[in-house]
1. Against the definition (assigned by the TED database to the domain that holds Tyr369, more than 24 Å from Ala144 (Cβ to Cβ), surrounded by 22 or more Cβ atoms within 10 Å (Cβ to Cβ) and not polar (S, T, N, Q)), how does Ala51 come out, yes or no?
2. Do you know which of the residues in segment 82-126 that are out of contact with any strand residue (DSSP E or B) (no Cβ under 7 Å at 6 or more places or on another chain) and of a type in the set (Val, Ile, Thr) is farthest from Gln12 (Cα to Cα)?
3. In the list Leu201, Leu249, Leu261, which residue meets the criterion of being modelled with pLDDT of 95 or more, over 14 Å from Ile295 (Cβ atoms) and either within 25 Å of the chain's Cα centre (by Cα) or crowded, with 21+ Cβ neighbours inside 10 Å (or both)?
4. Considering only residues that are outside any loop (DSSP other than H, G, I, E, B) and surrounded by 15 or more Cβ atoms within 10 Å (Cβ to Cβ), which ones fall in segment 310-336?
5. I'd like to check which strands (runs of 3 or more DSSP E) are fully inside segment 68-166 and have at least 2 residues that are farther than 30 Å from Thr21 by Cα and modelled with pLDDT of 95 or more.
6. Kindly indicate whether any position in segment 278-286 is of a type in the set (Asp, Glu), surrounded by fewer than 19 Cβ atoms within 10 Å (Cβ to Cβ) and at pLDDT below 95.
7. If you go through segment 289-297 one residue at a time, do you hit one that is in contact (Cβ under 8 Å) with a residue 40 or more places away in the chain and assigned to a loop (DSSP other than H, G, I, E, B)?
8. Looking only at residues that are part of a loop (DSSP other than H, G, I, E, B) and within 24 Å of Leu154 (Cβ to Cβ) in segment 349-390, which one is most open to solvent (accessible area, probe 1.4 Å)?
Amino acid sequence: IIGARYYVKGFQNAYGPVNATEDYLSPRDIDGHGTHTASTAAGRQVSDVAAFGGFAKGTASGGAPLARLAIYKACWAIPNQPKADGNTCFDEDMLAALDDAIADGVHILSVSIGTAKPLPFEHDVIGLAALEAAKRNILVVCSAGNSGPAPGTLSNPAPWIITVGASSLDREFFAPVKLGNGLKLIGQSVTPYKMKKMSPLVYAGDVVVPGVPQNVTGQCLPGSLDPNKVKGKIVVCTRGAGLRVGKGLEVKRAGGVGFVLANAKANGNELACDAHLLPATALTYDSGIKILEYINSTKNPMAVVSPGRTVLKYKPAPFMAGFTSRGPNVVDPNILKPDITAPGLNILAAWSEASSPSKLPEDKRSVKYNIYSGTSMSCPHVSGAAALLKAIHPDWSIAAIKSALMTT
């Protein structure tokens, strides 16, 4: 790291001074996201690293491990909200950061930031700054966003940006759940906790407190589960509203001993793995249907969740992640987006020790490396590859680098 700056005036204009318990008034990372993306792009080789629980053990390396990093922090913790809910990035802070990066003479800008919805070019601050960068032959690589699989959800649609979607890699974390009828469903998890024995199995929608809206009864939202009905049991929750790690925390709060997270139809076969706070596994939509069918087929449903284990050279791979934002490009349908995909599902990279692996305030664990998912993770893979090309071909234009990556 050869330089680090921070940009906070826009944030402070809206929220007042930064709360020292929520963020550092400096370029330092209290969250984990910036450390994860920076190390993916240009982290040095480090041997014998792993996520919490020993998952994905091996030598970690950024895409361009000899590149120099300049850090520009323009996103901040949202006041009075858990870090797991994400950060906020004000236009004026991002614009100041990107202006300084251009003036500092960077070769590549790696921007793992998306917008809530596609923005017209004239209102797209990252796009406008990227245009100024492109005029100076500075390559800008951005995330496509995590609003998939709905169509037309793309972030960063400008043609002078490399817009990166997210796909899987050939590494899985198998964590089976064995049912009382002998059926074994292969889920995935990066949670190492072991269950000692078979335990009663319930569907979250059957054990909620009165008053939970019908359309979210199965989603294990905060305060929704009845401890009298959950204590000592494994709870099946469905994806949808709320954080994946938050659903596990709700099961633990209500006294559950294990947790199964079943995909909604929109999530399909994509399984994002989390370091949950109790024994847990995640199931595909089809497997989720099977476990619910089993619960409904017997008076005494039972199950046991096994801890995850790392499996390499898994096929098929890569496949597109369900969360990755989709085209068509609603800002300009003539420009196909995203441009490229890269690994963004269950990526191991460095992490801030000021943050827990789940980023929940109740989680007191600390890790140096963490598994995380998003187009934020795929973007720096492309930035690192672009840095290697820039080193080999210093005379190439940014269009030549983009073309070479997209057509190889």
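1. Values: assigned by the TED database to the domain that holds Tyr369: yes; more than 24 Å from Ala144 (Cβ to Cβ): yes; surrounded by 22 or more Cβ atoms within 10 Å (Cβ to Cβ): yes; not polar (S, T, N, Q): yes.
Taking the combined requirement at face value, the residue satisfies it.
2. It comes out as Ile102.
3. Working: Leu201 fails: over 14 Å from Ile295 (Cβ atoms); Leu249 fails: modelled with pLDDT of 95 or more.
Sole residue among the options that is modelled with pLDDT of 95 or more, over 14 Å from Ile295 (Cβ atoms) and either within 25 Å of the chain's Cα centre (by Cα) or crowded, with 21+ Cβ neighbours inside 10 Å (or both): Leu261.
4. We begin by selecting, within segment 310-336, every residue outside any loop (DSSP other than H, G, I, E, B); these are 310-312, 320.
Scanning segment 310-336 gives Thr310, Met320.
5. Working: elements: 70-73, 75-77, 87-89, 108-111, 139-143.
Because the criterion is at least 2 residues that are farther than 30 Å from Thr21 by Cα and modelled with pLDDT of 95 or more, the strands (runs of 3 or more DSSP E) in segment 68-166 that meet it are 139-143.
6. Narrowing segment 278-286 to residues of a type in the set (Asp, Glu): 286.
Narrowing further to those that are surrounded by fewer than 19 Cβ atoms within 10 Å (Cβ to Cβ): 286.
Still in the list and also at pLDDT below 95: 286.
Checked segment 278-286: at least one residue is of a type in the set (Asp, Glu), surrounded by fewer than 19 Cβ atoms within 10 Å (Cβ to Cβ) and at pLDDT below 95.
7. Within segment 289-297 (the criterion being in contact (Cβ under 8 Å) with a residue 40 or more places away in the chain and assigned to a loop (DSSP other than H, G, I, E, B)), the answer is no, since none of the residues qualifies.
8. Restricting attention to segment 349-390, the residues satisfying the condition of being part of a loop (DSSP other than H, G, I, E, B) are 351-368, 373-374.
Right, trim to within 24 Å of Leu154 (Cβ to Cβ) and you get 373-374.
Working: Ser373: 28, Gly374: 2 Å².
Selected residue: Ser373.
The values are calculated or read from the model by the stated rules, or taken from the named source; none is laboratory data. Computed from a predicted model, the values in this text were never measured in an experiment. All Cβ positions, even for glycine, are placed from backbone atoms using ideal geometry, and neighbour counts span all protein chains on display. Ligands, DNA and RNA are excluded from the accessible area calculation, which covers all protein heavy atoms including side chains. Shrake-Rupley method; radii C 1.70, N 1.55, O 1.52, S 1.80 Å.
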